[in-house]
Amino acid sequence: MARTRAATFEQQRDAMLAAAAQLFAERGYPAASIADLAAQFGVSKGLLYHYYRDKEHLLFDIADRYVDRLVLLTAEVEGAAPAPEAALRQLIERFMVAYEHAGAFHRVLVQDVKYLSSVHRARVRTKQRQVIDAFARAIAAAAPDLAGDRLLKPVTMTLFGMMNWTFTWLRPDGPVAHAEFAPIVADLFLGGVRRLHTGSAGRPRSRSTTNRGNKIAELAR
């Protein structure tokens with residue numbers, strides 16, 4: 001007879017997700033066994049299987065739910081319809097704060113999605129593209145010269161490169177807080193985008209700069 005769900009099923013599953021994300025972040029997904037996970041939760045392996053059919057299903061739920069939160073953040077900022085530069089700054093600031101408060105989830109998303117099945121990986125990647133597209137729209141609105149430009153995608157991914165790997169060095173207990181660092185990221189990025197299209201003296205990009213940009217865009221396809 002199938003085990004019935006307790007009234008606290010969702011709360012217990014959320015706690016398991018948080019504990020599993022922490023374990024995967026610390027040890028890496030391949031090194032964490034079902035027995036390790038059960039010990040981390042303080043439950044038997046049999047009870048663990050009541051919540052998740054296998055380790056991969058648990059990894060998928062961690063990544064999928066976390067990306068859902070990021071998609072929601074972009075929708076909230078876009079729905080508020082702030083001025084273009086303010087919208088981009090809000091996205092950067094809200095993502096940096098989200099990274100701080102979900103460090104283990106973020107590390108798992110960055111490092112372990114490659115271990116998902118092709119179906120699960122495709123679902124997570126689709127949602128990640130929604131997030132990337134939202135940032136690209138915000139960047140194009142804040143820097144109109146980039147709208148429709150081949151450089152928009154590589155420039156967008158450069159911003160994610162600035163934010164996504166801060167988990168390797170920017171610590172919640174460090175001398176600089178995520179919320180404090182977020183406007184610095186925004187200033188550096190926006191300043192760079194403006195210089196990319198105007199040059200230091202307000203001149204158009206040189207042919208060599210344009211050629212380099214085209215090559216970067218081709219690599220980012």
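The values are calculated or read from the model by the stated rules, or taken from the named source; none is laboratory data. Note that this is a predicted model, so its numbers are computed, not measured. Virtual Cβ from ideal backbone geometry, glycine too; neighbours counted across all protein chains shown.
Answer yes or no as to whether L73 is buried (at least 20 other Cβ atoms within 10 Å of the Cβ) and assigned to a helix (DSSP H, G or I). Spelling it out, it is not the case that L73 is buried (at least 20 other Cβ atoms within 10 Å of the Cβ) and assigned to a helix (DSSP H, G or I). Applying a threshold of 7 Å to beta carbon distances and a minimum spacing of six or more residues, or different chains, the list of pairs starting in the stretch 123-140 at a residue that is farther than 22 Å from P82 by Cα and basic (K, R) and ending at one that is in a helix (DSSP H, G or I) and modelled with pLDDT of 95 or more reads R123/D64; K127/V67; K127/D68; K127/V71.
When restricted to residues that are under 17 Å from E56 (Cα atoms), not polar (S, T, N, Q) and not in a loop (DSSP other than H, G, I, E, B), the stretch 27-44 contains 10.
Please determine, by comparing only the residues of the stretch 6-37 that are aliphatic (A, V, I, L, M) and surrounded by fewer than 17 Cβ atoms within 10 Å (Cβ to Cβ), which one is nearest to the chain's Cα centre (by Cα). Step by step, filter the stretch 6-37, then rank; the result is A18.
When residues in the stretch 105-119 are screened for being more than 16 Å from G161 (Cβ to Cβ) and either of a type in the set (A, V, I, L, M, F, W, C) or touching a helix residue (DSSP H, G or I) at 6+ places or on another chain (Cβ under 7 Å) (or both), 8 of them pass.
Would you mind stating whether A83 is without any contact (Cβ under 8 Å) to a residue 24 or more places away in the chain and surrounded by fewer than 19 Cβ atoms within 10 Å (Cβ to Cβ)?
Working: without any contact (Cβ under 8 Å) to a residue 24 or more places away in the chain: yes; surrounded by fewer than 19 Cβ atoms within 10 Å (Cβ to Cβ): yes.
Considered against the rule, which asks whether it is without any contact (Cβ under 8 Å) to a residue 24 or more places away in the chain and surrounded by fewer than 19 Cβ atoms within 10 Å (Cβ to Cβ), A83 comes out as yes.
Scanning the stretch 118-151 for residues that are acidic (D, E) and at pLDDT 95 or above yields one hit, D133. Against the condition part of a helix (DSSP H, G or I), under 24 Å from E85 (Cα atoms) and touching a residue at least 24 places away in the same chain (Cβ under 8 Å), how does L109 come out, does it pass? Against the criterion (part of a helix (DSSP H, G or I), under 24 Å from E85 (Cα atoms) and touching a residue at least 24 places away in the same chain (Cβ under 8 Å)), L109 does not qualify. If the condition is being more than 24 Å from H178 (Cα to Cα), assigned to a helix (DSSP H, G or I) and over 14 Å from the mean Cα position of the chain (by Cα), then the stretch 112-141 contributes K114, Y115, S118, V119, H120, R121, A122, R123, A140, A141. Assessment of the stretch 163-186 against the conditions (β-branched (V, I, T) and assigned to a loop (DSSP other than H, G, I, E, B)) yields at least one matching residue.
Among the residues of the stretch 73-88, just one is within 16 Å of P183 (Cβ to Cβ) and β-branched (V, I, T), namely V77.
Answer yes or no: is there a residue in the stretch 6-26 that is more than 26 Å from E100 (Cα to Cα) and among the charged types (D, E, K, R). No, the stretch 6-26 has no match at all.
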